[in-house]
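Single-structure report; data block below.
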Amino acid sequence: MRLFAPTLKGLSLLMEPHHFFTAQRVLIVAGKGGVGKSAVAGSLALLSAQSGLRTLLVSFDAETIAVPDHEHLEKVIVTPGRALTDYLASKGMGLISRQLAKSGIVELVATTAPGLDDLLVLGRIKAFEKELRADVIIVDGPAAGHAIDLVRAPLQLKRALSSGPIAQQADEVLAMLADGNRCKIMMVTTPAMTPVQETVEAATELRDDVHIVLAPVVINKCEQEVPSIDTNGLPQELVDAYLYATQRATAQHDAIATLKTSLDLPQLAITRHRCEGVELVNAIVKELAEVLEKLS
Amino acid sequence: MSNVTVDTMCTEARVIVTCGTGGVGKTSVAAALGAHAAALGRRVCVITIDPAKRLADAIGLAYDLGNIPQQVDIVATGELWVTMLDVRETFDNLVRDTSPTPERAREVMENSFYRNLSRSLSGTRDYMAAERLYELSNDERFDLIIVDTPPSRNALDFLESPERLARFLKHPIVRLLVAPSRGGLRFANAALTPVLKIISNIVGSDALSGVAAFLRAFDGMENEFARRALSVAATLRSNATSFVVVTAPSPDALKEADHFVSELDRLGITLRLVVANRMPPHFGTGTSEDEHRLATESTGALAVAHALLATMQEDAEQADAGITAFLERSRGRFADLSEARANELPSDIHDMESISLLAQQLAAPQPRQ
C-alpha cells in the first residue's frame, strides 16, 4: 500500500497508521495513573478505525474516556470482577455461577487462584484475537499500576496450578503474549523522572519475565519548548516565570533522555492538550497520525 | 499564621490516611505530613504500600528491609520513620502470633495455598495493610501512623477487608472444607458437594485440597484475626483518625478524587482535609488576560515573556477553578472540610529537601480562598 502513497498525497495520512497498526493484532496500552493512558488508547483505536481497519477497543472500566463513534470501531467493556462468572456461564454453568456469585463462593475460587480474574480477562482478549473479531484490538489496560499484575497473572497461575482448564488457558494466553506478531504492549508515560523510571522498570520486567514484545513508547503531556530569551531588565515576575518554565523544560528533557538511554524503543511524543473528552481524543489522533508517519 | 487544620491534624491525630489516584503525589504528601508532624515533636511512622523507587530513594527507604521501620535523617524535635508493607512477612507474623502452637504455625506457613495467598497482591494486601496498621498503632515507638494507601480505585477496600475475611471464614462451603474429612467429600453435605466439584474442576483438585488443608490448619485462629480487625476498624472510624484526599488539578485526577469522596461518605467516614497538590504556580498579580494584552503591546523578549506567562496563568486559573469546584462539591458531603494547596515544584520530588518544601507549603496559611 505504501507504493501508492506518493501519488495519493491526500491519503498518505491513512496509509502510515495502517502499517503501524497491522504490525500486531493486539496492542495492550499500559501506564500508571495520571499519564493519560485511556485517552491514548482511545485515540489509537479511533485512528486505526479511521485508517480503514476494523478495530475493537477493549476497556476494563465503563467510565473511561469518551471516544467518538466510527463505522469501523467497536467498543467492548470487560469487567475483571465479572470475568469468572462470565467464564462459568460460557461453560454452560450460568445458573450455578449466579448462585455462586450470590453466596460469595466466587470469592473463594478467586482467592484459591489469585490472578484468575486477570487471566480470564486476557482469555477473553485472546478469544477475540483467535476468532478474528477485528483487524486490530486495542486494549485500554486496567486502572493505575495494575497492568503489570494483569500481564503477569498467567505466569503466576501457571506456577500455582499444574493442570486443569485454567492451566491450559494460562498456556494459551502466555503463547499469545510472547508472540510479537500477535500481541505487543505499549507503555505510556509522562516526561518526568519518576514515571519514566517506573516505566523503564515495568517494561524491563515484562520483557524479561513474560517475554512480551514492546511497541514504541508514548510520552504523553509533553510541554512546548520554551523560547530562549535574554531576561535582563525584565520585571521580576516575568523572570521568575521564565526561570520556572525553563527548569521544567530541562527536567522534561532529562527525563526523555533517560528514557531513551534506558529503553531502546522508538518514542512517540504527544504534547499536553488543555482539553478533555472527545476534543482531547481528536487532538491526540491528529498528533498521533503525524508522529506515526515520521516513525515509519 | 499557619494552616490550622494541617497543624491540628499533625499534632492530635493518631492515624492519618491519605488516599488518591496515581500521579497526584500522594506518597510525597504522606511523607511531607510526616515531616511536619515530626517537626512539631511527634514520633511518626509512614507506611507506604508500593512506593516509586525514586521516592523511596528520596526518603532513604531501603527496599530490602521489608517491614522494619527505618528512621529518616531529618532535623526535628520529633522523629520520622518510614516502612513499606511486606505482605508475606505481615501474614507470617500474624500466623505466628495467633496460632496455638508453633507446629500449627509451621503447618499453615508451609501450605501451598497459604504461600500463594500471601504472595498474591490484591485482597490479601488490603487485609495485611489493616493488620500492619494494628501492629504499628500498638508500637510504643510511634505516636502517629500515616497510612499511604495504594494508588488504586479500590484503595479503601482495606477498610472493609476485615469484615470480608470474617464472612468468608464463616461461609458454609468453607466450614465444609474445614470439617474433618474422614470419608472424604463423598459424605459431605449433599447440597454443597456439586459446588465443590465445580470449583475443583476449575482450579484443579490439587489446589482445592491445598485450600482445605490450609483452612483446617487455620481453624480457630480466625477469632483472633477478627478481634484485631475489629480493633483496627474501630480506630479508623474514631476521632483519632483523619482522612485526607490528595488530588492534582487535572480533570481526570479530580474525577478520581470525586470517587474517593463519595466512597468515604458511603463508608460513613469523615473527610477532614483535601490536599490540592501539583498546582501550577501563579507569578505576579496579572491575570492571563492582562498578560496576553501586555504581550501584544510589547516587543522582543518582553513580548515573549508576557506570552509565556499568559499561558502559565491560564493553566493556573484553570487549575484553581477546577479545585474550587471540587471543594464545593465535596463540602456538600463534608461541610467542615479544609484544604491545603501546594504548587508543582520545577522538578519532581527526589530528595528530603523537596519533601520539606512540600511540607512548608502544606502547613502555610491558604493564600487563595
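The values are calculated or read from the model by the stated rules, or taken from the named source; none is laboratory data. Since this is a predicted model, take the numbers as computed values, not measurements. Glycine gets a Cβ as well: all are built from the backbone with ideal geometry, and neighbour counts include every protein chain shown.
Taking A:ILE166 as the residue in question, decide whether it is in a strand (DSSP E or B), of a type outside the set (Lys, Arg) and either buried (at least 16 other Cβ atoms within 10 Å of the Cβ) or more than 12 Å from every other protein chain (Cβ to nearest Cβ) (or both).
Against the criterion (in a strand (DSSP E or B), of a type outside the set (Lys, Arg) and either buried (at least 16 other Cβ atoms within 10 Å of the Cβ) or more than 12 Å from every other protein chain (Cβ to nearest Cβ) (or both)), A:ILE166 does not qualify.
I need the full set of residues from the range A:202-232 which are part of a loop (DSSP other than H, G, I, E, B), over 30 Å from B:LEU309 (Cβ atoms) and touching a strand residue (DSSP E or B) at 6+ places or on another chain (Cβ under 9 Å), in order please.
Answer for the range A:202-232, where residues must be part of a loop (DSSP other than H, G, I, E, B), over 30 Å from B:LEU309 (Cβ atoms) and touching a strand residue (DSSP E or B) at 6+ places or on another chain (Cβ under 9 Å): A:ILE212, A:ALA215, A:PRO216.
When you scan the range A:146-161, how many residues do you find that are under 15 Å from A:ILE185 (Cβ atoms) and modelled with pLDDT under 80?
Of the residues in the range A:146-161, 4 are under 15 Å from A:ILE185 (Cβ atoms) and modelled with pLDDT under 80.
Any idea which residue in the range A:186-205 is surrounded by the fewest Cβ atoms within 10 Å (Cβ to Cβ), counting only those that are of a type in the set (Ser, Thr, Tyr) and more than 9 Å from chain B (Cβ to nearest Cβ)?
A:THR204
So which residues in the range A:108-145 are modelled with pLDDT under 70 and more than 7 Å from every other protein chain (Cβ to nearest Cβ)?
Across the range A:108-145, the qualifying residues are A:ALA110, A:PRO142.
Do we have any residue at all in the range B:9-21 that's of a type in the set (D, E, K, R) and in a helix (DSSP H, G or I)?
Yes, there is a match, as at least one residue in the range B:9-21 is of a type in the set (D, E, K, R) and in a helix (DSSP H, G or I).
Any idea how many residues of the range B:260-290 are more than 9 Å from chain A (Cβ to nearest Cβ) and either in a helix (DSSP H, G or I) or surrounded by fewer than 15 Cβ atoms within 10 Å (Cβ to Cβ) (or both)?
Counting residues in the range B:260-290 that are more than 9 Å from chain A (Cβ to nearest Cβ) and either in a helix (DSSP H, G or I) or surrounded by fewer than 15 Cβ atoms within 10 Å (Cβ to Cβ) (or both) gives 12.
Regarding B:ALA35, is this residue within 14 Å of another protein chain (Cβ to nearest Cβ), assigned to a helix (DSSP H, G or I) and of a type in the set (A, V, I, L, M)?
Here the answer is no, as B:ALA35 does not meet what is asked.
Could you grab the pairs with beta carbons closer than 6 Å, sequence gap of 6+ or different chains, first residue in the range B:6-23 and closer than 11 Å to B:VAL244 by Cβ, second one among the aromatic types (Phe, Trp, Tyr) and not in a loop (DSSP other than H, G, I, E, B)?
Correct list of pairs: B:VAL17/B:PHE243; B:CYS19/B:PHE260.
Would you be able to tell me the number of residues in the range A:169-201 that are in a helix (DSSP H, G or I) and either under 30 Å from A:GLN247 (Cα atoms) or touching a strand residue (DSSP E or B) at 6+ places or on another chain (Cβ under 7 Å) (or both)?
11
Based on this model, can you work out whether B:GLU317 counts as surrounded by fewer than 16 Cβ atoms within 10 Å (Cβ to Cβ), within 21 Å of B:THR285 (Cα to Cα) and of a type outside the set (Ser, Thr, Tyr)?
When the stated conditions are applied, B:GLU317 passes them.
Out of B:ALA295, B:ALA342, report the one residue that is closer than 28 Å to B:ALA32 by Cβ and in contact (Cβ under 8 Å) with a residue 12 or more places away in the chain.
Of B:ALA295, B:ALA342, the one residue that is closer than 28 Å to B:ALA32 by Cβ and in contact (Cβ under 8 Å) with a residue 12 or more places away in the chain is B:ALA342.
Identify all residues within the range B:209-259 that are modelled with pLDDT under 80, exposed (fewer than 15 other Cβ atoms within 10 Å of the Cβ) and under 28 Å from B:ALA37 (Cα atoms); write none if there are none.
Listed by number, the list holds a single entry, B:LEU230.
If you scan the range B:57-103, which residues turn out to be surrounded by 15 or more Cβ atoms within 10 Å (Cβ to Cβ) and either part of a loop (DSSP other than H, G, I, E, B) or without any contact (Cβ under 8 Å) to a residue 12 or more places away in the chain (or both)?
Within the range B:57-103, B:ILE59, B:LEU61, B:ASN67, B:PRO69, B:VAL72, B:ILE74, B:ALA76, B:GLY78, B:LEU85, B:ASP86, B:SER99 qualify.
A quick yes/no check of all residues on (1) at pLDDT below 95; (2) within 11 Å of chain B (Cβ to nearest Cβ); (3) more than 22 Å from the chain's Cα centre (by Cα):
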site	(1), (2), (3)
A:VAL218	no, no, no
A:GLN224	yes, yes, yes
A:PRO227	yes, yes, yes
A:GLU237	yes, yes, yes
A:ALA241	no, yes, yes
A:ALA245	no, yes, yes
A:ILE256	no, no, no
A:LYS260	no, no, no
A:ILE270	no, no, no
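What about B:SER356, is it among the hydroxyl-bearing types (Ser, Thr, Tyr) and within 14 Å of chain A (Cβ to nearest Cβ)?
Answer is no for this residue.
Given the criteria surrounded by fewer than 18 Cβ atoms within 10 Å (Cβ to Cβ), without any contact (Cβ under 8 Å) to a residue 60 or more places away in the chain, under 27 Å from A:HIS18 (Cβ atoms) and in contact with a helix residue (DSSP H, G or I) (Cβ under 6 Å, 6 or more places away or on another chain), does A:PRO266 qualify?
yes
On the basis of being closer than 30 Å to A:LEU120 by Cβ, at pLDDT 95 or above and outside any helix (DSSP H, G or I), does A:LEU56 make the cut?
Answer is yes for this residue.
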